[in-house]
1. Suppose every K and R has +1 on its Cβ and every D and E has -1 on its Cβ; what is the size of the dipole of the range 133-270 about the Cα centre, in Debye to the nearest 20?
2. Using only Cα atoms, find the angle between the long axis of helix 267-297 and the longest principal axis of the chain, and express it within 0 to 90 degrees, rounded to the nearest 10.
3. Could you work out the relative contact order of the chain, using alpha carbon pairs under 8 angstrom and six or more residues apart, expressed as a whole percent?
4. Suppose R0 equals 25 Å; then what is the FRET efficiency for Glu505 and Thr305 from their Cβ-Cβ distance, rounded to the nearest 0.05?
5. Once you have a ≥ b ≥ c as the square roots of the Cα gyration tensor eigenvalues for the range 108-219, tell me rounded if a/c is under 1.5, and otherwise prolate or oblate according to whether a/b is larger than b/c.
6. What area, in nm² and to one decimal, does the C-alpha convex hull of the range 1-159 cast on average over all directions?
7. So how tilted is helix 378-407 from the main axis of the chain? Cα-based, degrees 0 to 90, rounded to 10.
8. Quick one: helix 499-517 against the long Cα principal axis of the chain, what's the angle to the nearest 10°, folded into 0 to 90?
Amino acid sequence: SPEEIESQITKPIEEVVNTISGLDELRSTTIEGQSQIFVTFVLERSVQEAANDVREKVATVVGRFPAGTEPPVIEKFDPDSAPVMALVVSGQRSAREITEIADKRIKRQLETVKDVGAITLVGDRKREIQVLVDPHKLTAFGLSIQQVKDALLRQNVEIPGGRVTEGGREEGLRTLGRIESPAAFNDLIVADFKGGPVHIRDLGTVADGEEEARTLSRLDGRNAVSLLIRKQSGTNTVAVADAVKKKLAEVQKGLPPDIQFEVVRDLSRFIKRSFHEVQDHLLLGGLLASLIVAVFIGNLLWWETAAIGAIVAAVGAAFLQGNPQLLLQVTGLAILATMIFFLAVKKLRPAFVAALAIPCSIIATFTAMRIAGFTLNNLTMLGLALSTGIVIDDAIIVLENIFRHTEEEKRSPFEAAVTGTREIALAVTATTLSLVVIFLPVAFMGGLVGKFWNSFGLTATFAIIVSLVVAFTLTPMLAARILSARGQEETARTSKESRFYRALEGSYERVLAQCLRHRLVVLGATLLILASGFFLLSRSKVEFVVDDDMSEFEVLAEAPP
C-alpha cells in the first residue's frame, strides 16, 4: 500500500539523501507499489558528482527494504530525453504483423543512425505464447498456478553443461532445452499425479497469440504502431532529425507497398522555422542599415532614390506574403542588387564601404563562436541580429571622418584614410568598449537565466569586438581605394551642402537651443522617464520564457479509480 511504501522505502531514502551538500529541493511521490523521489541541486553543483553521491547514500539503505523490493533505479533528469520525432507505421495487416515490420525492418535500421539514442514502440503487439490454464482442472490435480509457472521456467531454458575432455581435446557442452514450437509446450510435465505425469495439455491449452495491449496508437482512426525516437544527450536535434529522414527514405524502398509511415511529430521543424525567422531578420536588418547609410551619405538623385525604394518595396512585398523561403530568396537578391548598385554609382561607393562591415563582422564572428563551442541557434542568431545595427556604427564613424578630410581638408583619399582613422581611433575604441561592457556581463549572469543567455552575451560581444577590428583595417583600406575613383572637385560638393542635411542640421540646432534655454525642464523630464521605467517594470507581468506556439496540443484524461 502507499502507506507501507512511504514508511519503509520513501522516508529511509529521504533521510539519507537529505544529508548531501548542495541540495536545493527534495520531493517524493508514493503510489501503490512504487516510490518516486525527485532530488534537485543548486546550479553550481556538478550533476554527475551529485548523482554519484545519491547512489552512495541510497546503497546504504537498500538492505533495509522489504523482501521482494526491486533494486532502485537512479537517473539524471535530461531535457534531451524527450522524443525529437514520432513516426507512425500503419498498413492493411494485423497489429502483430505491423509490429514485426516496425520492429525488425524500421526500428533496427533507424537505431544505426548516428546520434540516435533510443527508439520506443507504442501500440505494438508482439508475439506471445499463452498458456491458458483451466482452474477447475488445476484443482482436480491438486496443483497451484505457481507450480505451472516454475515448470515452464525450469524446462524452457538453455544452460551451459560444462566441458567434455577427451585426450588432448576439450569441447563445451550445452543443454538444449529451449522449446522450438508452440505445440511442444503441451508436452511439458508439470508434476506427478498418482504415479503418472501431468502435462500442460492436461491442465489447459497453449495459444500462439499476442501480448496484452497496454498501449494504443492510432492514426486517422486506424490502429498503428508509433516509434518515438530519442537522440543522444547533447547532440543536435536538427542533425539527428535530418539523418533519420534520410534513412527513412532508404528503408521505404524495401518495405511492402501496403506499409506506410508518416512523421507526425518533428521538433526540428519548429527549430528550423524559428531559426529561419531570425535569419530573415538578420538579412533584412543588414539590407535596411545599408540603405539608410546610402540615403545619408549620398546626395541622391530622383532615379537613385527610386531604385532604393524599389528594392525596399520588393522586400516588403515578399515579407507580406508570409512565405519564409520566398522572403529569404528576395532578400538575398536585394542585397546582391544593392551592392552592385552601390559600386555602379560613384557617389554611393562610401555607402558600400560602410555596408561591407556588416557581413565581414558577422561572418568573422562565426570563428569566435566555433572556438567557444556555440551552435547557430535562436539565442546566438538573436545576438547576431541585434549586432547588425551595431557593427556598422564603427565603420560609419571612421568612414565619415575620412570623408570629412576629403571634403573639407582637401586631402587625397589615401592620406585622408590614414589621418582620419588615427584621429578618430580613441573615440571609436571608447564607444565600442562601452557596448562591450553592456553585453559581456549578460554572459556571466548566474542562475538558470545565465545558462540560457551566456551564448547570447558572448556572441554579441564577439561581433562588436570584430567590428572594431574591421573599422580600423578593412574600412580605411577600402576608403583609400574606392574614394580615389571620385574626383577632387566632386567631393567638394556633397553631404553637408545637400538640402536634406541642411534641413536636418537646422532642425537639430533649433531643438538643441530650446533644450539649453530650459535646462531644468529637460533634466526633470529625463528623471521622470527614468523613474517611469521602474514603475512600468513593477506593473509588467513576468515569466521565464515566452510560450511558443508549435501548432500542437495534448489532451490528458484521468479516469475514475
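Computed from the coordinates by the stated procedures, all read-outs in this text should not be read as laboratory data. Nothing here was measured: the structure is a model prediction, and the numbers come from that model. Here Cβ is always computed from backbone atoms with ideal geometry, including for glycine, and neighbour counts include all displayed protein chains.
1. Values: 20 positive and 20 negative charges, 133 e Å.
Around 640 debye, computed over the range 133-270.
2. Tilt of helix 267-297: around 0 degrees.
3. On the way: 669 pairs, mean separation 69.3, N = 561.
Relative contact order here is 12 percent.
4. Numbers: r = 20 Å, r/R0 = 0.80.
Calculated value: 0.80.
5. Numbers: a/c = 3.35, a/b = 1.13, b/c = 2.97.
It is oblate, given that a/c is not under 1.5 and a/b is not larger than b/c.
6. Details: hull surface 63.4 nm².
That works out to 15.9 nm², a quarter of the Cα hull's surface.
7. Result, in degrees: 20.
8. 90
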